[in-house]
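Engineer: Please find one structure pasted underneath; my questions will follow.
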Amino acid sequence: MATVTDPPKAEFRLSMLIYDTRYRSMTIQVVALIGFLLLVGFLISNTVQNLATSGKTVGFGFLTEPAGYDINQVLIEYNNQNSHLRAAFVGLLNTLLVAVLGCITATVIGVIIGVLRLSPNWLIARLTTVYVEMFRNVPVLLWIVFAMAILIETLPAPRAFRGDDPEATMKIFDTVAITNRGVYVPEPLFSRSLGDIHLFGTSSMNFDISLDLLLIIAVVVASIFGVRAIKRNADATQEKTGKRPTTWYLTLGTLVVPLLVVLVALGFHLGYPALQGFNFQGGTYLRNSLIALWLALSLYTAAFIAENVRAGILAISAGQTEAAGALGLRPNRIMRLVVLPQALRVIIPPLISQYLNLTKNSSLAIAVGYMDITGTLMGITLNQTGKELETLLLGMLIYLIISLSISALMNWYNNRVKLVER
Amino acid sequence: MKKSVFLGALTVAGLAATAGAAATLDDVKARGKLNCGVATGVPGFAAPNASGEWEGFDVAVCRGVAAAVLGDPTAVEFVPTTGKTRFTALASGEIDMLARNTTWTFSRDVDLKFTFVGVNYYDGQGFMVPKELGVSSAKELDGATVCIQTGTTTELNLADFFRVNNISYEPVPIETNAEAQQQYLAGACDVYTTDASGLAATRSTFENAADHVILPEIISKEPLGPLVRHGDDEWGDIVRWSLNAMIAAEEYGVTSANVGEMSAAAGDNPEVNRLLGTEGNLGEMLGLDAGWAKMVIESVGNYGEVFESNIGSATPIGLSRGLNAQWTEGGLLYAPPFR
């Protein structure tokens with residue numbers, strides 16, 4: 001009878017936590033975790049203790065107090081008797097406005113510059129290189145301040161428009177006034193307006209949505225669906241008979257006629273800016289601060305996006321271009337139909353971080369007096385209430401939410417365009 | 001700038017435990033330097049001169065305190081602060097005191113936990129406009145674009161003034177005096193509003209100062225004064241009585257020229273004797289040398305001298321004493337007795 005003897009069980013000794021490779025990594029992690037928790041605990045207890053010493057309380061009650069200050073650019077109804085929370089909301093909308101405008105413009109400029117940088121034309125390729133290197137290598141704050149300084153110093157003040165023989169005149173058939181305070185463009189007005197829908201009642205987040213705008217958007221969307229249906233029909237006819245029916249007048253009609261009908265029904269007309277008192281009145285007022293910030297952020301971020309686009313295009317093997325060329329496609333269509341769709345897969349992930357950068361860089365807005373969330377909640381509100389901890393935490397949370405939302409959206413898009421591997 | 005607000009807040013939040021009950025006097029003595037918060041540059045009040053030394057009306061208060069505590073008016077580290085950063089800098093212990101034309105208000109005193117030790121300039125908010133606009137009253141400013149320094153009481157006064165008078169305006173928030181000046185001169189705003197003294201100071205630096213008028217309306221009370229943190233009353237007393245020493249010195253005719261002579265031996269006026277340390281032990285009570293007030297007056301001068309040499313009628317800023325005259329001359333300056 002054979003006895004099977006188990007190898008003697010290795011006894012666990014404490015020193016094995018350090019000397020045995022099976023446990024060592026675990027030990028290091030546990031120690032690091034404890035250290036980290038201690039640090040966090042120290043910071044929190046220190047904060048609480050110091051707040052207590054200086055006699056400050058932590059609370060968000062100040063948010064419902066009247067703000068007491070005015071904000072120049074408001075996208076929703078606001079006056080200085082509204083709460084700090086509403087002021088923060090106004091600032092948040094301003095942040096979102098410049099971020100959205102900036103992201104769109106930066107993408108358009110970036111793609112164009114990125115493609116042009118690979119142009120075989122020596123001059124164009126070099127010029128775009130100069131653009132990229134110039135914008136990429138100077139801090140964005142300087143670009144913002146520089147853009148603002150140019151707008152303020154070179155454009156005429158509103159008072160230059162006054163008098164019988166003014167030094168400055170309005171542009172484009174007297175409809176657009178370009179001043180050193182901003183640009184006034186005609187605004188769309190509706191004489192038979194449908195009114196607004198009021199959302200969120202009397203809470204501090206309430207806002208109005210113009211029914212006219214909703215209607216116009218609905219009509220445009222419906223038109224686009226109509227155009228698609230026409231195209232599908234034409235495709236089907238082409239498949240069947242080999243001949244493509246002429247559809248351009250149908251397409252044009254579907255796009256234009258419903259829109260025109262709605263505009264006429266609403267009594268659409270333009271309100272023109274006119275000099276009145278100290279400033280121009282009427283029209284839509286694009287403030288210098290918005291223009292400077294938007295321009296600087298777009299041009300700066302576009303330089304990075306251009307590099308991403310160039311990298312994406314270079315990642316597509318030259319064989320693709322050659323093959324497309326062999327099929328008889330022209331360079332334009334090769335870029336649009338063959339190279340760019342594939343390059344997008346490389347471009348989008350770094351593009352997400354550029355969008356995030358742009359949004360976060362928009363917090364430099366106060367340099368030109370643009371009242372974004374940093375300027376309202378983490379600027380004036382912080383100062384008037386003295387709630388540094390609360391306002392900054394809230395501000396950080398808001399930026400975090402904005403960034404994560406952008407990230408989620410772009411990741412969803414990335415998943416749609418990325419190569420499906422089987 | 002933003003960074004410093006953030007860092008300041010973090011510090012408040014707890015990284016440095018300097019705030020609160022720590023004895024500021026000991027810290028200052030150990031450091032050998034007074035950290036004093038001033039404006040980023042308001043001519044006459046606080047601005048570096050051609051050789052880079054800070055000078056001005058508010059700067060003199062810092063130098064006075066440094067002279068009283070350390071015996072050396074130059075032992076000051078000036079920390080330029082904006083309207084936004086100043087309170088965080090003080091609360092976090094980055095500076096020992098703030099002398100930056102700061103308005104004494106209830107909420108700053110009570111809610112922000114600061115102690116205003118006195119008033120060194122009684123001011124009010126005014127408006128400056130270019131003469132060519134032909135405006136003679138602030139009530140004619142309907143629809144005007146107004147440059148304001150953000151993070152100040154002026155912002156709130158302005159909102160109140162325009163609301164009460166039922167007229168509209170377009171605020172342009174600006175971080176520093178220099179930027180405001182640039183925007184105002186370029187015509188990007190019609191009006192510049194801040195404390196009337198600040199307007200006079202700013203106007204004095206213009207090429208054509210005569211082309212700009214300060215409107216008659218003063219829309220607020222702005223008692224400006226130095227402040228310290230809550231929680232260290234001994235330090236607050238030192239700053240308070242350094243300021244009072246300057247004011248009392250003017251009242252009793254003690255100047256930087258005659259203080260040496262007057263402090264050499266006890267004179268006829270017991271109040272002056274106590275002030276200059278030739279009688280009594282006021283210095284000891286403050287935890288300072290007996291000659292602390294003498295040091296203040298010797299190095300920066302009395303209130304009147306400081307006023308005249310920095311912002312008085314003989315300077316480009318050209319402010320008259322007005323409310324800031326001694327109580328004996330019909331002003332509001334009234335130093336409590338040195339007893």
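Engineer: Considering each of B:T115, B:T152 in turn, give the residue that is assigned by TED's automatic domain parsing to the domain that holds B:D96 and under 30 Å from A:T53 (Cβ atoms).
Structural biologist: B:T115
Engineer: Would you check if A:D174 is out of contact with any Pro (no Cβ under 6 Å at 6 or more places or on another chain), over 30 Å from B:A186 (Cα atoms) and either in a loop (DSSP other than H, G, I, E, B) or not hydrophobic (A, V, I, L, M, F, W, C) (or both)?
Structural biologist: In short, no.
Engineer: Give me the residue from the range A:385-394 that is in a helix (DSSP H, G or I) and at the interface with chain B (Cβ under 7 Å from one of its Cβ atoms) and, out of that set, surrounded by the most Cβ atoms within 10 Å (Cβ to Cβ).
Structural biologist: Among those residues, the one meeting the criterion is A:E388.
Engineer: In addition: Of all residues being under 20 Å from B:Y122 (Cα atoms), of a type in the set (A, V, I, L, M, F, W, C) and more than 14 Å from chain A (Cβ to nearest Cβ) in the range B:226-245, which is nearest to the chain's Cα centre (by Cα)? Just the residue, please.
Structural biologist: Per the criteria, the residue is B:L243.
Conditions (1) acidic (D, E); (2) in a helix (DSSP H, G or I); (3) closer than 30 Å to A:V58 by Cα; (4) more than 14 Å from chain B (Cβ to nearest Cβ), marked per residue:
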residue	(1), (2), (3), (4)
A:R345	no, yes, no, yes
A:L364	no, yes, yes, no
A:G375	no, yes, yes, no
A:G379	no, yes, yes, no
A:L397	no, yes, yes, yes
A:L400	no, yes, yes, yes
A:M410	no, yes, no, yes
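Engineer: Quick one: B:R100 ticks every box in (1) charged (D, E, K, R); (2) touching a Ser or Thr at 6+ places or on another chain (Cβ under 9 Å); (3) more than 23 Å from B:G312 (Cα to Cα); (4) within 14 Å of chain A (Cβ to nearest Cβ) except a single one, so which number is it?
Structural biologist: Result: B:R100 fails condition (3) only.
Engineer: For the range A:92-106, check the following and say yes or no: at least one residue is more than 16 Å from the chain's Cα centre (by Cα), without any contact (Cβ under 8 Å) to a residue 60 or more places away in the chain, in a helix (DSSP H, G or I) and within 25 Å of A:P341 (Cβ to Cβ).
Structural biologist: No; the residues of the range A:92-106 include none that is more than 16 Å from the chain's Cα centre (by Cα), without any contact (Cβ under 8 Å) to a residue 60 or more places away in the chain, in a helix (DSSP H, G or I) and within 25 Å of A:P341 (Cβ to Cβ).
Engineer: Taking the condition of being touching an Asp or Glu at 6+ places or on another chain (Cβ under 7 Å) and of a type in the set (S, T, Y), how many residues in the range B:225-278 meet it?
Structural biologist: 3
Engineer: Same structure, new question: Any idea which of B:L199, B:L288 is under 30 Å from A:L151 (Cβ atoms), of a type outside the set (V, I, T) and in contact (Cβ under 8 Å) with a residue 24 or more places away in the chain?
Structural biologist: On inspection, the qualifying residue turns out to be B:L199.
Engineer: Now for a separate question. Let me spell it out: the conditions are (1) part of a helix (DSSP H, G or I); (2) closer than 22 Å to B:L333 by Cα; (3) touching a residue at least 60 places away in the same chain (Cβ under 8 Å), and B:P223 meets all of them except one. Which number is the exception?
Structural biologist: Of everything listed in (1) part of a helix (DSSP H, G or I); (2) closer than 22 Å to B:L333 by Cα; (3) touching a residue at least 60 places away in the same chain (Cβ under 8 Å), B:P223 misses just condition (1).
Engineer: Can you name the condition, by its number, that A:V140 falls short on among (1) surrounded by fewer than 16 Cβ atoms within 10 Å (Cβ to Cβ); (2) closer than 28 Å to A:I398 by Cβ?
Structural biologist: Only one criterion is unmet by A:V140, namely (1).
Engineer: Here's a follow-up. Within the range A:92-101, take every residue that is in contact with a Ser or Thr (Cβ under 9 Å, 6 or more places away or on another chain) and under 22 Å from A:I197 (Cα atoms) and give me the one that is farthest from the other protein chains (Cβ to nearest Cβ).
Structural biologist: Here the residue is A:L96.
Engineer: If you check A:L270, A:L297, A:L275, which single one turns out to be within 30 Å of A:V145 (Cα to Cα) and touching a strand residue (DSSP E or B) at 6+ places or on another chain (Cβ under 9 Å)?
Structural biologist: Being within 30 Å of A:V145 (Cα to Cα) and touching a strand residue (DSSP E or B) at 6+ places or on another chain (Cβ under 9 Å) holds for just one of A:L270, A:L297, A:L275, which is A:L275.
Engineer: Away from every other protein chain (no Cβ under 14 Å), part of a strand (DSSP E or B) and modelled with pLDDT of 90 or more - does that describe any residue in the range B:16-35?
Structural biologist: Yes.
Engineer: Looking only at residues in the range B:146-189 that are facing another protein chain (nearest Cβ under 7 Å), of a type in the set (D, E, K, R) and part of a helix (DSSP H, G or I), which one is farthest from the chain's Cα centre (by Cα)?
Structural biologist: B:R163
Engineer: Do we find that A:G201 is within 14 Å of chain B (Cβ to nearest Cβ) and over 27 Å from A:L293 (Cβ atoms) in this structure?
Structural biologist: Taking the combined requirement at face value, the residue does not satisfy it.
Here is a yes/no grid of residues against (1) surrounded by fewer than 17 Cβ atoms within 10 Å (Cβ to Cβ); (2) of a type outside the set (A, V, I, L, M, F, W, C):
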site	(1), (2)
A:I18	yes, no
A:Y23	yes, yes
A:F36	yes, no
A:N46	yes, yes
A:K56	no, yes
A:G59	yes, yes
A:I71	no, no
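Engineer: Mind counting the residues in the range A:150-191 that are among the β-branched types (V, I, T) and within 14 Å of another protein chain (Cβ to nearest Cβ)?
Structural biologist: Number satisfying all stated conditions: 6.
Engineer: Return yes or no: is A:L85 more than 14 Å from every other protein chain (Cβ to nearest Cβ) and farther than 14 Å from A:T381 by Cβ?
Structural biologist: Spelling it out, it is not the case that A:L85 is more than 14 Å from every other protein chain (Cβ to nearest Cβ) and farther than 14 Å from A:T381 by Cβ.
Engineer: Follow-up question, since we're still on this one. Scanning for something within 30 Å of the chain's Cα centre (by Cα), under 20 Å from A:W294 (Cα atoms) and polar (S, T, N, Q), does the range A:124-132 turn up at least one residue?
Structural biologist: no
Engineer: Given the condition crowded, with 16+ Cβ neighbours inside 10 Å, modelled with pLDDT of 85 or more and of a type in the set (F, W, Y), answer yes or no: does some residue in the range A:143-162 qualify?
Structural biologist: Among the residues of the range A:143-162, at least one is crowded, with 16+ Cβ neighbours inside 10 Å, modelled with pLDDT of 85 or more and of a type in the set (F, W, Y), which makes the answer yes.
Engineer: With within 19 Å of B:L98 (Cβ to Cβ) and at pLDDT below 90 as the only criterion, which of B:G231, B:G225, B:G236, B:G134 stands out?
Structural biologist: None of the other options fit; the residue is B:G231.
Residues are listed down the side, and each one gets a yes or a no for (1) at pLDDT 90 or above; (2) within 22 Å of the chain's Cα centre (by Cα):
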site	(1), (2)
B:S4	no, yes
B:L10	no, no
B:P43	no, yes
B:C62	yes, yes
B:V76	yes, yes
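The values are calculated or read from the model by the stated rules, or taken from the named source; none is laboratory data. Note that this is a predicted model, so its numbers are computed, not measured. Neighbour counts are summed over all protein chains in view; Cβ atoms, including those assigned to glycine, are modelled from backbone coordinates with ideal geometry.
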